[in-house]
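Colleague: The structure is given below, and queries will be raised subsequently.
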Amino acid sequence: MLEWSDVDIAVRDAVREFVDKEIRPHVDALESGEMEPYPIIRKLFATFGIADMARDSLDKRLARLRDGGGAATDKPASAGMFGGDGGSAGMGFVVVSELCRVSMGVVTGMGVSLGLTVPTIMGRGTLAQQERWLPDLVTYDKVGAWAITEPDSGSDAFGGMKSYVVRDGDGYILNGQKTFITNGPDADVVVVYAKLNEGDAGSGSSRERSSTSNPRNRKVLTFVLDRGMDGFVQSKPFRKMGIHSSRTGELFFNDVRLGRDRLLGETEGDDTGDSGRDSARSNFSAERIGVAAMALGVIEECLRLCVDYAKTRTLWGKEIGQFQLIQLKLATMEVARMNVRNMLFRVIEAAQTGTAISLAEASAIKWYCSQAATDVAMEAVQVFGGNGYMTEYRVEQLARDAKSLMIYAGSNEVQITHVARGLLSD
Ligand SMILES: Cc1cc2nc3c(=O)[nH]c(=O)nc-3n(C[C@H](O)[C@H](O)[C@H](O)COP(=O)(O)OP(=O)(O)OC[C@H]3O[C@@H](n4cnc5c(N)ncnc54)[C@H](O)[C@@H]3O)c2cc1C
């Protein structure tokens with residue numbers, strides 16, 4: 001793929017118009033928390049028929065499953081964020097990228113709900129579970145969250161996980177805590193990963209601890225919780241560095257009683273597999289690839305703002321764009337834009353041809369694109385001088401927002417280990 005298709009460009013122009021009219025004028029209100037991010041996305045979905053498209057796609061899937069056409073856990077042909085097939089992959093990325101030019105936070109909340117919560121339930125849930133939770137989630141009428149991170153287990157997500165369930169009759173009791181959860185304060189539906197504690201205390205000799213009795217190795221199960229359940233507490237939003245229009249918080253589980261119907265797939269799996277770990281891992285590539293589209297939006301917006309500023313800011317009788325050191329910054333931004341865009345084109349082409357992107361490649365893409373967006377945005381602040389440090393000129397928000405891409409969806413240091421592991425395992 002060498003260029004955006006005509007359809008992609010038409011979608012881009014229409015979304016850009018929507019963003020200019022419906023989001024740009026409200027960015028300060030979104031950033032301050034005065035305005036919630038969810039209604040804007042619902043308006044976007046209504047304007048472009050995205051909710052209808054997602055509903056139709058889900059209806060067809062559920063009808064096929066009811067008729068016995070495929071296993072409930074079959075993934076859709078291409079699990080595009082908006083429920084489309086591989087052919088619409090470019091469109092989804094265009095929407096994400098355009099939104100990120102002005103409000104990465106809005107995209108982060110949408111991405112977690114549609115890109116993590118929905119695929120997890122779709123990929124692991126029984127037909128009944130998909131019928132119960134997906135219809136309101138795919139249209140964004142309900143907001144989803146996806147909770148794996150805990151205070152003592154970020155990068156070491158499975159090993160360090162302390163949230164646990166014990167069996168209770170045919171169901172479970174959940175205790176523990178999650179942190180940094182996008183949409184956590186507001187989510188209606190939350191996918192939660194927790195270890196199965198089968199009664200052993202996890203103590204004993206070091207030899208015993210290295211076996212399956214070691215709490216690090218316990219089976220991970222995946223549950224779906226609804227807002228307002230007894231013992232389930234959603235915190236207020238954290239204050240943070242950027243993506244202020246995305247609300248991030250903690251979740252607390254105090255003896256939350258979970259029926260078996262809330263265990264995704266309604267099975268703990270056998271002793272050879274670990275459905276919870278597999279469930280979480282199956283999202284990693286898609287989440288990492290999504291970062292490329294977000295990074296592209298940031299870089300394109302920085303370039304637009306910087307080129308314009310370089311042509312208008314005059315010092316020593318010249319536009320600053322005439323200074324070679326400023327030209328170097330602009331040219332470096334352009335190369336980053338070309339590289340990130342080309343990586344995204346490869347991802348789109350892979351979706352169109354049904355080719356999987358390996359975890360190592362997705363990690364390389366995430367690492368490169370998030371670093372490029374952060375570097376570009378920090379340099380954009382520099383091009384603007386003192387104005388760059390002022391909120392009014394927007395580049396400072398882009399720099400704060402871009403930094404988040406280096407941390408979530410797996411920190412960049414962890415991406416590097418996955419790239420290296422891919423190379424060394426050949
Ligand atoms: C804005 C935001 C939104 C988020 N949303 C969600 C969400 O919706 N759901 C969710 O479950 N989580 C979410 N997270 C959590 C996110 O996935 C974690 O922050 C991330 O995985 C890193 O974990 P940590 O913060 O505990 O850092 P740590 O794991 O404590 O890492 C500390 C440092 O050590 C480095 N490090 C760790 N391991 C290695 C290694 N093997 N080699 C070298 N260096 C290493 C890290 O890269 C980092 O620099 C979100 C985080 C943020 C900031």
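Please treat every number below as a calculation from the coordinates, not as lab data. Source: prediction; values computed, not measured. Backbone-built Cβ (ideal geometry, glycine too); neighbour counts: all protein chains shown.
Colleague: Using each residue's phi in the range 116-121, evaluate 6.51 cos²θ - 1.76 cosθ + 1.60 at θ = phi - 60° and report the 3J(HN,Hα) Karplus result to the nearest Hz, with x for Gly and Pro.
Modeller: With coefficients 6.51, -1.76 and 1.60, one gets 10, 5, 4, x, 5, 5 Hz.
Colleague: Checking the a/c ratio against 1.5 first, then a/b against b/c, what shape does the Cα gyration tensor give for the range 6-142? All intermediate terms of the calculation are to be shown ahead of the outcome.
Modeller: Numbers: a/c = 2.56, a/b = 1.73, b/c = 1.48.
Verdict is prolate for the range 6-142.
Colleague: Quote the FRET efficiency, to the nearest 0.05, computed for Tyr389 versus Arg281 with a Förster distance R0 of 41 Å and r equal to the Cβ-Cβ distance. Spell out each step's value before the answer.
Modeller: Working: r = 41 Å, r/R0 = 0.99.
Efficiency for this residue pair is about 0.50.
Colleague: Size of the range 257-327 along its principal axes in angstrom, Cα-based, largest extent first?
Modeller: Result for the range 257-327: principal-axis Cα extents of 74, 26, 15 Å.
Colleague: Give me the net charge of Gly184's neighbourhood, meaning all other residues with Cβ under 11 Å from the Cβ of Gly184; Lys, Arg count +1, Asp, Glu -1. Before the final figure, lay out each step's value.
Modeller: On the way: positive: Lys178, Arg227, Lys236, Arg247; negative: Asp186, Glu250.
Taking every other residue near Gly184 into account, the sum is +2.
Colleague: How large is ³J(HN,Hα) for each residue in the range 381-392, as worked out from phi by the Karplus curve 6.51 cos²θ - 1.76 cosθ + 1.60 (θ = phi - 60°), to whole Hz, x for Gly and Pro?
Modeller: 4, 5, 4, 7, x, x, 4, x, 7, 9, 4, 3
Colleague: Kirkwood Rh and Cα-based Rg: tell me the resulting Rg over Rh for the range 146-272, rounded to two decimals.
Modeller: Details: Rg = 15.3 Å, Rh = 15.3 Å.
Ratio value, two decimals: 1.00.
Colleague: Stretch Ser5-Ala331 to full length: gain in nm at 0.36 nm per residue minus the Cα-Cα span? All intermediate terms of the calculation are to be shown ahead of the outcome.
Modeller: Values: separation 326, 0.36 × 326 = 117.36 nm, distance 2.55 nm.
Contour length minus Cα-Cα distance gives 114.8 nm.
Colleague: Treating cross-link reach as a plain straight distance, find the aspartates and glutamates whose alpha-carbon is under 13 Å from the alpha-carbon of Lys142, omitting any fewer than eight places away in the same chain.
Modeller: Asp186, Asp188, Asp226
Colleague: Which one of Ala351, Leu328, Val340 is farthest out on the positive end of the charge dipole of the range 287-426, using unit charges on Cβ (Lys, Arg +1; Asp, Glu -1) and the Cα centre as origin?
Modeller: Leu328
Colleague: Remind me, what semi-axes does the range 278-424 give for its equivalent ellipsoid, largest first in whole Å, using sqrt of 5 times each Cα gyration tensor eigenvalue?
Modeller: Details: eigenvalues 220, 44, 29 Å².
The three semi-axes for the range 278-424 are 33, 15, 12 Å.
Colleague: Which one, Glu198, Glu266, Glu361, has the greatest fluctuation when you compute a Gaussian network model over the chain with C-alpha springs under 10 angstrom?
Modeller: Glu198
Colleague: Sorted by mean Cβ packing within 10 Å, highest first, what order do the peptides 22-29, 352-359, 337-344, 415-422 take? Spell out each step's value before the answer.
Modeller: Numbers: 22-29: 14.9, 352-359: 12.8, 337-344: 19.1, 415-422: 16.5.
For the peptides 22-29, 352-359, 337-344, 415-422, the packing ranking is 337-344, 415-422, 22-29, 352-359.
Colleague: Can I ask one more? At q = 0.12 Å⁻¹, what log₁₀ I(q)/I(0) does the chain have when each alpha carbon counts as one equal point scatterer in the Debye sum?
Modeller: Debye curve over Cα of the chain, log10 I(q)/I(0) at q = 0.12 Å⁻¹: -1.00.
Colleague: Using a cut-off of 12 Å between beta-carbons, work out the net charge of the residues near Arg66 (Lys and Arg +1, Asp and Glu -1, Arg66 not included). Write down the numbers at each step before the final one.
Modeller: Details: positive: Lys60, Arg61, Arg64; negative: Asp59, Asp67, Glu131.
So the surrounding residues net to 0.
Colleague: Something else about it: Write down the percent of antiparallel bridges among all DSSP beta bridges whose residues are both part of the chain, to the nearest 5.
Modeller: Around 80 percent antiparallel, to the nearest 5.
Colleague: Another one. Taking only C-alpha pairs under 8 Å that are 6+ residues apart, what is the relative contact order of the range 230-311 in percent?
Modeller: Values: 36 pairs, mean separation 16.3, N = 82.
Relative contact order comes out at 20 percent.
Colleague: For every other residue with a beta carbon closer than 13 angstrom to the beta carbon of Phe18, add +1 if it is Lys or Arg and -1 if Asp or Glu, then tell me the sum.
Modeller: Working: positive: Arg12, Arg16, Lys21, Arg24, Arg42, Lys43, Arg101; negative: Asp13, Glu17, Asp20, Glu22, Glu98.
Neighbourhood net charge equals +2.
Colleague: Lysines near Lys366 by alpha-carbon distance under 20 Å, same-chain residues fewer than 8 away left out - which ones?
Modeller: Lys403
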